[in-house]
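Derivation of every value follows stated rules applied to the coordinates shown; laboratory data play no part. Remember, predicted model here, so these are calculated numbers, not experimental data. Heads up, the Cβs are rebuilt from the backbone with ideal geometry, glycines too, and the neighbour counts pull from every protein chain shown.
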Amino acid sequence: MGIVKPKPKKRVGPNLTLRFHQKEYDLRPGRPAITMGRGPHNDIVVLDEKVSTKEHGRCDFRENGVVIVDWSANGTYVTKNNGHQVFLHKDALFLTGSGTISLGRKPGKSNNVIYYSLEME
């Protein structure tokens, strides 16, 4: 009779999906971050002069959650589906539920809105 090895446990945790101009980006365990900015090296490239060229911001895992971090000069607006809006400037915010992210401009003044949805497993 052979030794039966236990199946590896599936890692559970938050799954973040970002949608920008018909394309989806998934942040899941194993993918360290999603970067956003004007430069072509970013995962999500936003062509707007109010968006930082290097790395305007990023989403990554922290302490069993997902944060959005802003390093830009013009800030980032996060609007939750309940209408609550937070302005980040060189700061971080834990994401919950779903909503929108607007880099460098208020959401109503930009066509470059990133939609987010966070699911906890």
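Among V86, V67, V45, a tally of other beta-carbon atoms within 10 Å of each Cβ gives an order, fewest to most, of V86, V45, V67.
With neighbours defined as other Cβ atoms within 10 Å of a residue's Cβ, the residues M120, M36 order from fewest to most as M120, M36.
At a Förster distance of 22 Å, what's the computed FRET efficiency of E119 paired with L93, Cβ-Cβ distance as r, to 0.05? So, using R0 = 22 Å, E works out to roughly 0.80. Within the chain, antiparallel bridges make up roughly 95 percent of the DSSP beta bridges whose residues both belong there. Please compute the contact order of the chain in relative form: average sequence separation of alpha-carbon pairs under 8 Å and at least six residues apart, divided by the residue count, as a percent. RCO, the chain: 23 percent. May I ask for the net charge around D48, where only other residues with Cβ less than 13 Å from the Cβ of D48 are counted and Lys, Arg are +1 while Asp, Glu are -1? In short, +4.
In this label model, N74 and Q22 are separated by 2.4 nm, measuring between points 7 Å along each Cα→Cβ vector. Percent of Cα pairs in the range 14-120 per distance bin of 10 Å, from zero to the largest separation: 16, 55, 28, 1.
The residues neighbouring S110, those whose beta-carbon lies less than 12 Å from its own, together hold a net charge of +2 under the Lys/Arg +1, Asp/Glu -1 convention.
Return the sequence-ordered ³J(HN,Hα) values of the range 34-41 in whole Hz as given by the Karplus equation 6.51 cos²θ - 1.76 cosθ + 1.60 applied to θ = phi - 60°, using x for Gly and Pro. Ordered by residue, 3J(HN,Hα) equals 10, 9, 9, x, 8, x, x, 7 Hz. Fewest-first ordering of Y77, Y25, Y116 by other beta carbons within 10 Å of each residue's beta carbon gives Y25, Y77, Y116. Amide H contacts for A33 (H built 1.01 Å from N in the peptide plane; partners 5 or more residues away or on another chain; cut-off under 5 Å): none found. The calculated FRET efficiency for the pair K109 and A33, based on their C-beta separation and a Förster distance of 25 Å, comes to about 0.40. Applying 0.36 nm per residue to the separation of V86 and L47 and subtracting their alpha-carbon distance, the gain on full extension is 11.8 nm. At a Cα cut-off below 12 Å, give the aspartates and glutamates reachable from K23, other chains included and same-chain residues fewer than 8 away excluded. Here the aspartates and glutamates satisfying the reach criterion relative to K23 are D43.
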